[in-house]
Amino acid sequence: MKLKNKFVGIILVLGTIIFVGGGNPLIGLSNHKDSYIKNQNLENTTANSSYLMLVNKENPLSLDYKPSNLIKPNIKFLSSTSDESKYMEEKAAKALEELFQGAKKENIILIGSSAYRSYRSQVRVLKDEINSKGVDYANKYVAKPGKSEHQSGLAIDVTNEARCFDKTSPEAQWLANNAYKFGFILRYPEGKEDITGYNYEPWHIRYVGKDAAKEIYDKNITLEEYLADMV
Ligand SMILES: [Zn+2]
């Protein structure tokens with residue numbers, strides 16, 4: 001009996017230590033940090049490959065996330081595009097070159113506007129937009145640092161000679177109908193704002209690989225829906 005009571009006592013003490021540990025705010029902080037996607041290996045993550053990595057308001061990237069294989073695709077960029085924004089993850093960059101060439105064959109001239117965006121740049125962009133267009137606009141159109149897909153190196157905003165890339169432009173229409181053939185999707189489609197968390201952006205494409213892009217295009221779904229279907 002005495003021995004058993006001792007055991008119960010030890011278990012109670014241990015339980016208390018664990019309970020107190022759970023209330024430690026520092027532990028909470030490290031859990032929060034872990035919710036950020038850190039150093040995703042592009043070759044072996046879940047869902048076939050991390051070309052399917054989900055970056056949105058609920059799934060931010062960490063401050064130090066940066067693809068290791070960033071290269072400059074051989075395409076035309078706007079003269080205003082910063083040097084950093086000309087970089088993309090290597091495979092996405094190669095696929096983008098093919099997309100631009102495919103467009104050109106059909107007399108569609110695309111221009112790169114902004115691709116990779118570091119965490120530091122996102123902080124700067126947000127500050128600039130708040131200063132020039134106000135908090136409401138910035139909240140609607142500018143991702144909070146870490147929550148921009150541009151940090152993945154897999155996304156790019158494109159434009160046209162007219163700098164008017166709305167859905168009525170031939171370039172936007174071509175992109176919507178053909179991007180999937182090169183492994184890209186329109187990441188923020190019209191009518192899916194409640195799922196993606198972003199307004200319609202006909203100029204923002206995201207590399208996911210040809211198989212996923214085709215399925216997403218055929219089913220007229222978002223990356224969020226595609227990944228939810230895979231689980
Ligand atoms: Zn974009």
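Some observations on this one:
- Criterion applied to Tyr207, Tyr180, Tyr217 was being of a type outside the set (A, V, I, L, M, F, W, C) and within 16 Å of the ligand (Cβ to nearest atom), and the one residue passing it is Tyr207.
- From the options Lys104, Lys94, Lys127, Lys140, residue that is within 15 Å of the ligand (Cβ to nearest atom), in a helix (DSSP H, G or I), out of contact with any Phe, Trp or Tyr (no Cβ under 7 Å at 6 or more places or on another chain) and open to solvent by 80 Å² or more (accessible area, probe 1.4 Å): Lys140
- Options Leu70, Leu78, Leu54; residue that is of a type in the set (A, V, I, L, M) and within 22 Å of Lys181 (Cα to Cα): Leu54
- In the stretch 164-199, the residues that are in a loop (DSSP other than H, G, I, E, B) and in contact with a Phe, Trp or Tyr (Cβ under 6 Å, 6 or more places away or on another chain): Phe165, Gly183, Glu190, Tyr198
- In the stretch 167-189 there is no residue that is of a type in the set (A, V, I, L, M, F, W, C), farther than 23 Å from Gln101 by Cβ and open to solvent by 30 Å² or more (accessible area, probe 1.4 Å).
- Scanning the stretch 64-81 for residues that are surrounded by fewer than 11 Cβ atoms within 10 Å (Cβ to Cβ) and of a type in the set (S, T, N, Q) yields Ser68, Ser79, Ser80.
- Tally of residues being part of a loop (DSSP other than H, G, I, E, B) and of a type outside the set (Ser, Thr, Tyr) across the stretch 143-163: 11
So that you can scan it fast, the table gives a plain yes or no per residue for (1) of a type outside the set (A, V, I, L, M, F, W, C); (2) over 18 Å from Pro60 (Cα atoms); (3) free of Cβ contacts under 8 Å to residues at least 40 places away in the same chain:
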| residue | (1), (2), (3) |
| --- | --- |
| Glu161 | yes, yes, no |
| Glu171 | yes, yes, no |
| Trp174 | no, yes, no |
| Leu186 | no, yes, yes |
| Pro202 | yes, yes, yes |
| Asp218 | yes, yes, yes |
| Ala228 | no, no, yes |
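- Checked against (1) surrounded by 21 or more Cβ atoms within 10 Å (Cβ to Cβ); (2) among the aliphatic types (A, V, I, L, M); (3) farther than 23 Å from Leu70 by Cα, Ile221 meets all criteria but (1).
- Figure legend. Inter-residue proximity from the stretch 137-156: first residues over 27 Å from Ala95 (Cβ atoms), second residues more than 10 Å from the ligand (Cβ to nearest atom), beta-carbon distance below 7 Å, spacing 6+ or different chains. Indicated pairs: Tyr137/Glu129; Ala138/Leu126; Ala138/Glu129; Ala138/Ile130; Lys140/Asn199; Lys144/Leu126.
- When each of Tyr217, Tyr188, Tyr198, Tyr207 is tested for being among the hydroxyl-bearing types (Ser, Thr, Tyr) and at pLDDT below 95, the lone residue that passes is Tyr198.
- Failed item in (1) more than 16 Å from the ligand (Cβ to nearest atom); (2) out of contact with any Leu (no Cβ under 9 Å at 6 or more places or on another chain), with Thr81 passing the rest: (1)
The values are calculated or read from the model by the stated rules, or taken from the named source; none is laboratory data. Owing to the predicted nature of the structure, the values given are computational and were not obtained by experimental measurement. Cβ: placed from backbone, ideal geometry, glycine included. Neighbour counts: every protein chain shown. Protein only, heavy atoms only, side chains kept; ligands, DNA and RNA dropped before computing areas. Shrake-Rupley method; radii C 1.70, N 1.55, O 1.52, S 1.80 Å.
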